[in-house]
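Shown next, in structure tokens, is the structure this report addresses.
The values are calculated or read from the model by the stated rules, or taken from the named source; none is laboratory data. Every value quoted in this text rests on a predicted model; they were computed, and no experiment measured them. Positions of Cβ are generated from backbone atoms using ideal geometry, with glycine treated the same way; all protein chains shown enter the neighbour counts.
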Amino acid sequence: MADETELAEGERTVLLLHPHWKILLRPTFILLLVAVVAAVVLLMIPPGSYAGPGRIAVGALAVVAAVAWFGVPFLRWQTTTYELTTRRLRLREGILSRSGRDFPLIRISDVSFSHGLIDRLLGCGQLVVESAGEHGQLVLTEIPQVEQVQATLFQLVEDEHARLAREEPGS
């Protein structure tokens, strides 16, 4: 969850998202494959004096493989967030070390989305945010409910422009 103390006065969270769960399909398949292979190898170890250490070694290798091919991608997915607030688009990622980028809504000039057939079926897509300034274009992939996110972001940009127009004296 986002830390509300990081938000400016009067700013509130509108949407808080993780990348779409489809990015976990391959790691989940690999996890199942590792489990099946480990089970088959364990069943093939003949009983004897080396059966105990052999089974421990197979189990340890299976755990290491599961952590490497499923645990790390899962943690990466879990710690990647896209947050839309009333003033900015915030991106945060990182497992051990964190990094982030903030895009003020006032600098966003265009918001578009795209998704293919599979993405449409799964309810995700690519969001493209055009920003006036040095950063240019931001492309976010695997955004869940991308059409809704695009519409919400567009509305927030319009609301922010209207808010700033009301606050400027002499406008």
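A few remarks follow.
- Matching entry among 92, 107 (being surrounded by 16 or more Cβ atoms within 10 Å (Cβ to Cβ), modelled with pLDDT under 95 and within 30 Å of residue 151 (Cα to Cα)): 107
Table: residues versus (1) outside any helix (DSSP H, G or I); (2) in contact (Cβ under 8 Å) with a residue 12 or more places away in the chain; (3) not basic (Lys, Arg).
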position: 15; (1), (2), (3): yes, yes, yes
position: 40; (1), (2), (3): no, no, yes
position: 58; (1), (2), (3): no, yes, yes
position: 63; (1), (2), (3): no, no, yes
position: 67; (1), (2), (3): no, no, yes
position: 70; (1), (2), (3): no, yes, yes
position: 83; (1), (2), (3): yes, yes, yes
position: 95; (1), (2), (3): yes, yes, yes
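- Residue check, residue 90 more than 13 Å from residue 142 (Cα to Cα), in contact (Cβ under 8 Å) with a residue 12 or more places away in the chain and outside any helix (DSSP H, G or I): yes
- Residue in region 86-99 that is farther than 30 Å from residue 158 by Cβ and among the aliphatic types (A, V, I, L, M) present: yes
- Any chance residue 51 is more than 30 Å from residue 154 (Cβ to Cβ), at pLDDT 95 or above and surrounded by 12 or more Cβ atoms within 10 Å (Cβ to Cβ): no
- Single residue of 130, 142 found to be farther than 21 Å from residue 12 by Cα, part of a strand (DSSP E or B), touching a residue at least 60 places away in the same chain (Cβ under 8 Å) and touching a strand residue (DSSP E or B) at 6+ places or on another chain (Cβ under 6 Å): 142
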